[in-house]
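So the structure is just underneath, and the comments pick up after that.
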Amino acid sequence: EKQGFKHFMLKEIYEQPGVVRACLEAYLDTSWSPESATSPIKLNLAPELYSDLKQVQIVACGTSWHASLVGKYLIEQLAGIPTMVQYASEFRYAPSPLTPNTLTIGVTQSGETADTLAALEMEKQRRAGQSPRFEARLLGITNRPESSLGHMVPQVIDTHAGIEIGVAATKTFVAQLMAFYALALDLAYHQQTLSATRLEQILLGLRQLPAQIELILESQERYIEELAHDFAETQDFIFLGRGINFPIALEGALKLKEISYIHAEGYPAGEMKHGPIALLDAKVPVVAIATPGLVYEKVLSNAQEAKARDARLIGVTPLEASESAEIFDDLLPVPVVEELLSPILAVIPLQLLAYHIAARRGLDVDQPRNLAKSVTVE
Ligand code: F6R
């Protein structure tokens, strides 16, 4: 059932263009035009959820927590609603104060993660017997609508990734990002924060993603497989990103550590000078996500700082950006897209890098030591 792939993880990485297509089909209303008096997004959420919404809080663990950090950025930037993201395991013992205007979202691909379920159960109790509007403001984002999560919350967004077998989450992460694009645009529509032109522009960008992911997979896999040879003995890696790609730096580091057992840290690039820069030398490669946008130049200058400490620099960056080509020792090219859409492309080469380094080391990529596909204990 691996369909010719050596591991499920690689097969699932290759399924991502199809997963994004499935999400687009599920979430976008193809009959929508700027003249329509309806949302361009089909999520079937309760109408009470939208009225007078003032705050969003998201709880999740691991990779789902990283997707939630991207989600925060999208909801704040597109819909203008202040959003907090918390680890479910922390939140359940120190819940934030709640108002009837708060929407709580639990994100879990399996729908079975004990900490996330416990946090949501607590939220459900806190809302019980209050107004219908308050009770409706509880939402799950999951790849398993039939899971325990699906039974717990009044509504879910299904992420349509299909079953994921590799323990390291790949296609379910990309699908969670798609769910957050849909949710942020839907909230923006209801909050009236975007012009019709801007909405159309983002929708157009979303529709181009599957072909762009295909392009990255086709053009880079060989190269990354070769590159992985150089890191057979590497003990530490640093991943840098800023803004909407800071969570992608965290995700790149998590993928690498969980399947290759190499110590890896994701850092917001601007924070590096406040401590982690002390770790850098010629033995610690640095992967920087430098995609065009507000923080592009800043990431490049942070990467220069690492280069000055002899770090080998790997750049996730468009080929068109000639400034980057001069700074980086190795390039993992991604197509130029608007900044908001860049995380879903930037994560693809990082998944391949983690996969090939682990495979090169001869490790059991699909079943890493000490990990289980869903963590059903506290
Ligand atoms: C990372 C990974 C874990 C999960 C985490 C949450 O690749 O698989 O970090 O993301 O255990 O799992 P779900 O999303 O099922 O709640």
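The values are calculated or read from the model by the stated rules, or taken from the named source; none is laboratory data. Since this is a predicted model, take the numbers as computed values, not measurements. In this analysis, Cβ positions are derived from the backbone assuming ideal geometry, glycine residues included, and neighbour counts consider all displayed protein chains. The area values use the complete protein model at the heavy-atom level, side chains included, leaving out ligands, DNA and RNA. Shrake-Rupley method; radii C 1.70, N 1.55, O 1.52, S 1.80 Å.
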Can you find a residue in the range 210-218 that is at pLDDT 95 or above, open to solvent by 10 Å² or more (accessible area, probe 1.4 Å), more than 30 Å from A311 (Cβ to Cβ) and in a helix (DSSP H, G or I)? yes
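Only one of these is within 16 Å of the ligand (Cβ to nearest atom), of a type in the set (A, V, I, L, M), open to solvent by 60 Å² or more (accessible area, probe 1.4 Å) and touching a residue at least 40 places away in the same chain (Cβ under 8 Å): L363, L371, L352. Name it.
L371
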How many of the residues in the range 258-295 are surrounded by 20 or more Cβ atoms within 10 Å (Cβ to Cβ) and either assigned to a helix (DSSP H, G or I) or without any contact (Cβ under 8 Å) to a residue 24 or more places away in the chain (or both)? 5
Per the filter on the range 157-177, residues open to solvent by 20 Å² or more (accessible area, probe 1.4 Å) and away from the ligand (no atom under 13 Å from the Cβ) are D158, H160, G162
Can you name every one of the helices (runs of 4 or more DSSP H) wholly within the range 1-87 that holds 2 or more residues which are more than 16 Å from the ligand (Cβ to nearest atom)? 16-27, 62-74
If we keep only residues of the range 107-116 that are touching a helix residue (DSSP H, G or I) at 6+ places or on another chain (Cβ under 6 Å) and in a helix (DSSP H, G or I), then the residue farthest from the ligand (Cβ to nearest atom) is D115
Within the range 317-338, can you find the residues that are within 30 Å of L199 (Cβ to Cβ), in contact (Cβ under 8 Å) with a residue 60 or more places away in the chain and either in a strand (DSSP E or B) or open to solvent by 40 Å² or more (accessible area, probe 1.4 Å) (or both)? P333, E338
May I ask you to list the residues in the range 121-147 that are basic (K, R) and away from the ligand (no atom under 16 Å from the Cβ)? K124, R126, R127, R133, R137
